[in-house]
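*Asks:* Following this message is one structure expressed as structure tokens.
The values are calculated or read from the model by the stated rules, or taken from the named source; none is laboratory data. What you see is a predicted model; the values in this text were computed from it and never measured. Heads up, the Cβs are rebuilt from the backbone with ideal geometry, glycines too, and the neighbour counts pull from every protein chain shown.
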Amino acid sequence: MSWSPAIARFGETVVRLHWSFLLFLTWIALSALLGAGMAAAISGVVFFSLLFACVVLHEFGHILAARRYGVRTPEVLLLPIGGVSRLERMPEEPRQEIVIALAGPLVSFLIGLVLLAALGFPAPDPTAGFDSLGAILLQLGWLNIVLGAFNLLPAFPMDGGRVLRAVLASRLGHARGTRLAANAGQAVAIVFGMVGLLSGNFILLLIAVFIFLAASSEAGAAQMRSATLGLTVADFMITEFESVHVDAPVSAAAEALIRTSQKEFPVVDGQGRLRGGLARDAIVKAMHRDPSMPVAEAMASDIPVVTPQHNADELVRYLQASQPMVIACRADGHPVGVVTWENMLEYMMVHPVQDASARRPAG
């Protein structure tokens, strides 16, 4: 997450700022500075910062609704096109997903109505600009209404698309419902992309790309979760692997990286107990800094740890959250297996995909 620094923490949720958001604010400031002067640049940055504060509140609508059902949200990522909340797991029932999805737009509508009520419900005025507090509040009020309505479009993975997925999943199953909702989202993205290209609207084009890619990724993850139902971590894990010692220099891990086919390594102490994980990217970065650096300073200590008997569908959630690996350990803390996206996909390629319901244990 080096490209997405944490800017705030609210309870268990970390708010991160993607580098592209800073680039976006810089572009806004420079455009206003060259076109209308320093005062316009400052007011433009202030306005868009306040707008994204409203986006954070929108995301916390989802977070509070999810918490009601016992679903944690470790992270919110701010992008130029909005915010993305990463739920710890999917809600257990379609009805719960509908409530969580609608909570965000509801917050946006409430913010917009409160701001407009304070101003006496003026008509929208795109030419109002940002040169006064009243103008900023007017624009924020109507844009929150637009934000709430836009998110209700049935374009997965936006909020309306998640409602559509929940309705379809209640009738057709999670995987098929996600696939159909993702198809609808990609169709909407294609329309947005064409309109953005024809009108020269860069923001709309960016939104179209994000929706298309996110819908494809979510559909693939849902299909993988469905295909792994009834299987355990032991079905997927690599059992022949090398570990690196926590006190060894990073150069020793680099040598193992070259000598073996592994790209991810468990890190163990002198008793062979797991201390963390070390992925290829971390090894390369550490080698450029100082090859004699102890592995302990380069490793990630928050690598997910499971047992070999753990349900395999949980692996998808961990790996989808950008974790490079999941490590299976015995009760005494000794690693016995490593799971990555690569070997999960390899398993799915060489084993016929059976119907998930046929593998699910009776009762």
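*Asks:* Name the one entry in A219, A128, A181 that is in the same structural domain as L64 (by TED's automatic domain parsing), among the aliphatic types (A, V, I, L, M) and either free of Cβ contacts under 8 Å to residues at least 12 places away in the same chain or more than 18 Å from P80 (Cα to Cα) (or both). Please lay out each step first, then the result.
*Replies:* Details: A219 fails: in the same structural domain as L64 (by TED's automatic domain parsing); A181 fails: in the same structural domain as L64 (by TED's automatic domain parsing).
Checking each option against the conditions leaves just A128.
*Asks:* Additional query: Given the conditions (1) more than 19 Å from I203 (Cβ to Cβ); (2) modelled with pLDDT of 90 or more; (3) surrounded by 20 or more Cβ atoms within 10 Å (Cβ to Cβ); (4) out of contact with any His (no Cβ under 6 Å at 6 or more places or on another chain), report the number of the one that P122 does not fulfil.
*Replies:* (3)
*Asks:* Looking at region 131-145, which of the residues that are out of contact with any Gly (no Cβ under 6 Å at 6 or more places or on another chain) and surrounded by 13 or more Cβ atoms within 10 Å (Cβ to Cβ) is farthest from A32 (Cα to Cα)?
*Replies:* At the first step, the residues of region 131-145 found to be out of contact with any Gly (no Cβ under 6 Å at 6 or more places or on another chain) are 131-134, 136-140, 142-143.
Within this subset, residues satisfying the condition of being surrounded by 13 or more Cβ atoms within 10 Å (Cβ to Cβ) are 131, 136-140, 142-143.
On the way: D131: 12, I136: 15, L137: 19, L138: 19, Q139: 17, L140: 18, W142: 22, L143: 20 Å.
Checked region 131-145; the qualifying residue farthest from A32 (Cα to Cα) is W142.
*Asks:* What is the one condition in (1) of a type in the set (A, V, I, L, M, F, W, C); (2) surrounded by fewer than 22 Cβ atoms within 10 Å (Cβ to Cβ); (3) at pLDDT 95 or above; (4) within 30 Å of M349 (Cβ to Cβ) that I238 does not satisfy?
*Replies:* That leaves (3) as the condition not met.
Residues checked against (1) of a type in the set (D, E); (2) assigned by TED's automatic domain parsing to the domain that holds S85; (3) farther than 30 Å from R225 by Cβ; (4) outside any loop (DSSP other than H, G, I, E, B):
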| site | (1), (2), (3), (4) |
| --- | --- |
| S108 | no, yes, no, yes |
| I136 | no, yes, yes, yes |
| V146 | no, yes, yes, yes |
| G161 | no, no, no, yes |
| V191 | no, no, no, yes |
| V195 | no, no, yes, yes |
| L205 | no, no, yes, yes |
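*Asks:* So, in region 125-145, how many residues would count as being modelled with pLDDT of 90 or more and over 30 Å from Q186 (Cβ atoms)? Walk me through it before giving the result.
*Replies:* Step one: filter region 125-145 for residues modelled with pLDDT of 90 or more, giving 137-145.
Add one more test, that the residue is over 30 Å from Q186 (Cβ atoms), and what stays is 137-141.
Final tally of qualifying residues: 5.
*Asks:* With at negative phi, among the small types (G, A, S), modelled with pLDDT of 90 or more and surrounded by 20 or more Cβ atoms within 10 Å (Cβ to Cβ) as the only criterion, which of G148, G193 stands out?
*Replies:* On the way: G193 fails: surrounded by 20 or more Cβ atoms within 10 Å (Cβ to Cβ).
Residue meeting the stated conditions: G148.
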